[in-house]
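A.B. asks: Below is a structure I'd like to ask you about.
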Amino acid sequence: MTSNVISASPAWMLSRIYWREAGYEFLRMLRTPAFALPTLIFPLVFYVMFAIVLPGRWGDFDKSAYLLATYGVFGIMGPALFGFGVGLALERESGWLALKQVSPMPTGAYFFAKIAMSLCFGLVVVILLSIAAVGFGDVEIALDRWLLLVAVLLLGTLPFCAIGLWIGTLVKGQAAVAIVNLVYLPMSILSGLWMPLFAFPQFLQKAAVIWPSWHLAQLSLGVIGQISDVRYLLHVSVLLLTTALFLSLAAMRLRGR
Amino acid sequence: MQKPVSENGPALAQLIGVSKRYGKTLALDNIDLAIQPAQVVALLGPNGAGKTTALALLSGAVRADSGSVSLFGGDPTDWRVRRQIGVMQQSANLPETLRVAEHVRQFSGYYPNPRALDETLAMAGISDLAARRYDALSGGQQRRVQFALAICGQPPLLFIDEPTVGLDVESRRAFWKVIAGLRAAGTSILLTTHYIEEADALADRIVLVGKGRVLAEDTPAGIKARASGKRIRCTSNLDITRLAQWPHVSSATREGHTIELRSADAEPLLRRLLDADPQLADIEVMPLSLEEALAALATSETITLEQAA
């Protein structure tokens, strides 16, 4: 009897569980204004303000194209950090995670749902930014370049999902909101996502290499041709290592319960 | 009503010699427990007895420090094995922004052969709340949704932790009726409770636990018989430590010159008492309430020299 039930998990049933889980995760985050509004609207508002409304040029840089890449990074970080960090912290506190852990849900579905949700929100943010950039910022970008940028940004959510996951294992409940904000906002600013780094003191420019968001910004700026001589391999390696490091830290915390 | 096939048949869920420690607290101490098909088992005991830990082990939430845990012959930490159980925990809060029907659909999707949505909602008594968001429900309604998630997959075995805590009398009766219906349909249920009347009303078998150990295991009638003790009060100078070791004495306390004994078998004890102390006076014999008797069992047969607890 047991073996029958265990073997009766065809791939289609499994994938339906995964997608349904992702759908409900997306739906409930969309219905949570404290999550949906800041993650969807803030990057757009900041971009419109700094890239379009405020006048001025920075040397040879195309301001609205440059900031499209960096606000794109800022935009995909939010859902990943908040979705995983605050999501997990709240679900641990409410007992929801405990109930899921004894339900017949494959563990992978939980993480898949959160990653898929982060990607969907990230994609919406990038599309909103792109509409503003092309429609009001006079940015000209070829479709293939744009698709490449989207791909880089979406793959770039992974290290931030991992960092968020780790934060979610460290603290419970609303405390995670504060912690995520303390990580998210300073890291964004110090990586030059709000304003290009050359507006910053020399030592802050040098220190930017420690932030994963700086590495992702280098990649994004590179693929849309805003900076040259980008060491793609280096940045990709740093982002992969960051992902692996924080996933391991989170796994240790989760197992150590 | 379906009767258990055989007391010795393969158990649906089983703990054998299981111990579990949380930090310095030994939550379960070498415990044995088995749930047979089509049986309702009540884990009865005071808070901290280890009831919730036993459920957590059987539902795969935690792993045992030692001993063996089996669920349908498999390991409950494997999610596929858990398709045969439904769980209602004591303190789970579901995401607030999803509607009742969405919650039930999500959980139904985990099971290979779920109940129809309408049927689940009707059984849990929440048909009229299907379109409501979880955060718009009262506490009792939220408990019903959590119950709906436990039964939506039609699993052959349910784990229910303190099902009626915080429910009013009417809701509690309604819940008992649903449990009786599930039991009649052949579902096995392991529930924890610290209400004796609840265990008595629902269970085929009561397992009395205290301090992480099984103190007694019997039918409700059997447990009641064991617990049908008497309280004997009298004035005497007999040594209380020695009294506590007498065969028919389950507990002995002293308060000044008055001693109080609890016993399941009062008559032979009285005879022996009168023989042992010719000065003995002021005898009073009173029946113990079931609660008192079980509490005496649950704190195990220790002597309390302080004031009666």
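A.B. asks: Which one of A:I115, A:L153, A:L67 is farthest out on the positive end of the charge dipole of segment A:44-188, using unit charges on Cβ (Lys, Arg +1; Asp, Glu -1) and the Cα centre as origin?
C.D. replies: Highest projection toward the positive end goes to A:I115.
A.B. asks: For segment A:124-202, max minus min Cα coordinate along each principal axis, in Å, sorted largest first?
C.D. replies: 44, 31, 20
A.B. asks: I would also like to ask the following. Are there any helices in chain A, counted as whole DSSP H runs, that stretch 24 Å or more along their axis by Cα and score at least -1.0 on average by Kyte-Doolittle, and if so which? Before the final figure, lay out each step's value.
C.D. replies: Details: long enough: A:11-30 (28 Å, 0.00); A:63-81 (27 Å, 1.02); A:107-136 (44 Å, 2.05); A:232-255 (34 Å, 1.51).
Qualifying helices, which must be both long enough and hydrophobic enough, are A:11-30, A:63-81, A:107-136, A:232-255.
A.B. asks: Counting other Cβ atoms within 10 Å, which GluC sites (Glu not before Pro) in segment A:74-173 have at most 12 and lie in a DSSP loop?
C.D. replies: Working: sites: A:E91, A:E93, A:E140; in loops: A:E140.
Of the GluC sites (Glu not before Pro), the ones in loops of segment A:74-173 whose Cβ has at most 12 other Cβ atoms within 10 Å are A:E140.
A.B. asks: Taking Cα atoms of segment B:13-219, Rg/Rh with Kirkwood Rh, to two decimals? The partial results should precede the final answer.
C.D. replies: On the way: Rg = 16.5 Å, Rh = 17.3 Å.
Checking Rg against Rh, the ratio lands at 0.96.
A.B. asks: State the extension gain, in nm to one decimal, for the chain segment bounded by B:S66 and B:N237, taking 0.36 nm per residue of separation less the distance between their alpha-carbons. Can you show the working numbers first?
C.D. replies: On the way: separation 171, 0.36 × 171 = 61.56 nm, distance 4.68 nm.
Stretched fully, the B:S66-B:N237 segment lengthens by 56.9 nm.
A.B. asks: How crowded by other chains is B:142-151, given as the mean number of beta carbons from other chains within 10 Å of each beta carbon? Before the final figure, lay out each step's value.
C.D. replies: On the way: counts 0, 0, 0, 0, 2, 0, 0, 2, 3, 0.
What the average comes to for B:142-151 is 1.
A.B. asks: Could I ask something else about it? Can you pull the Rg over Rh of chain A, Cα-only, Kirkwood? Intermediate results must be reported in sequence, preceding the final value.
C.D. replies: Working: Rg = 19.4 Å, Rh = 19.2 Å.
The Rg/Rh ratio comes out at 1.01.
A.B. asks: Give me the compactness ratio for segment B:228-287, meaning the Cα radius of gyration over 2.2 N^0.38 Å.
C.D. replies: Working: Rg = 10.0 Å, N = 60, 2.2 N^0.38 = 10.4 Å.
Dividing the Cα Rg of segment B:228-287 by 2.2 N^0.38 Å gives 0.96.
A.B. asks: Oh, and also: How large is ³J(HN,Hα) for each residue in segment B:200-216, as worked out from phi by the Karplus curve 6.51 cos²θ - 1.76 cosθ + 1.60 (θ = phi - 60°), to whole Hz, x for Gly and Pro?
C.D. replies: Calculated HN-Hα couplings, in order: 5, 6, 10, 8, 7, 9, 10, 10, 8, 10, x, 6, x, 10, 7, 8, 7 Hz.
A.B. asks: Let me ask another. Percent of Cα-Cα pairs per 10 Å bin, from 0 to the last occupied bin, for the protein assembly as shown, please list those.
C.D. replies: 3, 15, 20, 18, 14, 12, 8, 5, 3, 1, 0, 0
A.B. asks: Now for a different question. Quote the FRET efficiency, to the nearest 0.05, computed for B:T25 versus B:A225 with a Förster distance R0 of 30 Å and r equal to the Cβ-Cβ distance. Present the calculation step by step, with values, prior to reporting the outcome.
C.D. replies: Numbers: r = 32 Å, r/R0 = 1.08.
FRET efficiency, B:T25 to B:A225: 0.40.
A.B. asks: Taking 10 °C and 1.306 mPa s as the conditions, I'd like the Stokes-Einstein D for segment A:54-139 in µm²/s, using the Kirkwood hydrodynamic radius from alpha carbon pairs. Could you put the intermediate results ahead of the total?
C.D. replies: On the way: Rh = 15.2 Å.
The estimated diffusion coefficient comes to 104 µm²/s.
A.B. asks: Moving to a separate point now. Would you pull out the residues with amide H under 5 Å of B:L288's amide H, same chain only if 5 or more places away, H placed 1.01 Å from N?
C.D. replies: Those lying under 5 Å, H to H, from B:L288 are B:G229, B:K230, B:R231.
A.B. asks: Same structure, new question: On a 0 to 90° scale, report how tilted helix B:139-151 is relative to the longest principal axis of chain B, with both axes built from alpha carbons and the result rounded to the nearest 10.
C.D. replies: The answer is roughly 70 degrees.
A.B. asks: Work out how much length B:D282 to B:Q245 would gain on full extension: take 0.36 nm times their residue separation and subtract the Cα-Cα distance, in nm to one decimal. Intermediate values should be presented prior to the final figure.
C.D. replies: Working: separation 37, 0.36 × 37 = 13.32 nm, distance 2.24 nm.
Gain in length upon complete extension: 11.1 nm.
A.B. asks: A further question follows. About its Cα centre, how strong a charge dipole does the protein assembly as shown have in debye, to the nearest 20, once Lys and Arg get +1 and Asp and Glu get -1 at the Cβ? All intermediate terms of the calculation are to be shown ahead of the outcome.
C.D. replies: Numbers: 49 positive and 45 negative charges, 198 e Å.
Its charge dipole is roughly 940 debye.
A.B. asks: Identify all aspartates and glutamates with a Cα-Cα distance to B:K224 below 20 Å; exclude those on the same chain that are fewer than 8 residues away in sequence.
C.D. replies: Answer for B:K224, where 20 Å is the Cα cut-off: B:E197, B:E198, B:D200, B:D204, B:D265, B:E267, B:E291, B:E292, B:E301, listed by chain and number.
A.B. asks: Given 0.36 nm per residue, what is the gain on full extension from A:A207 to A:L182 after removing their alpha carbon distance, in nm? Intermediate results must be reported in sequence, preceding the final value.
C.D. replies: Working: separation 25, 0.36 × 25 = 9.00 nm, distance 1.76 nm.
Extending this stretch completely gives an extra 7.2 nm.
A.B. asks: For a Förster distance of 22 Å, can you work out the FRET efficiency between the beta-carbons of B:A180 and B:A122, rounded to the nearest 0.05? The partial results should precede the final answer.
C.D. replies: On the way: r = 16 Å, r/R0 = 0.72.
Once the sixth-power term is evaluated, E becomes 0.90.
Each reported figure results from applying straightforward, stated rules to the coordinates on display, with no laboratory input. None of these values were measured; they are calculated from a predicted model. Note: ideal-geometry Cβ built from the backbone for every residue, glycine included; neighbour counts use all protein chains shown.
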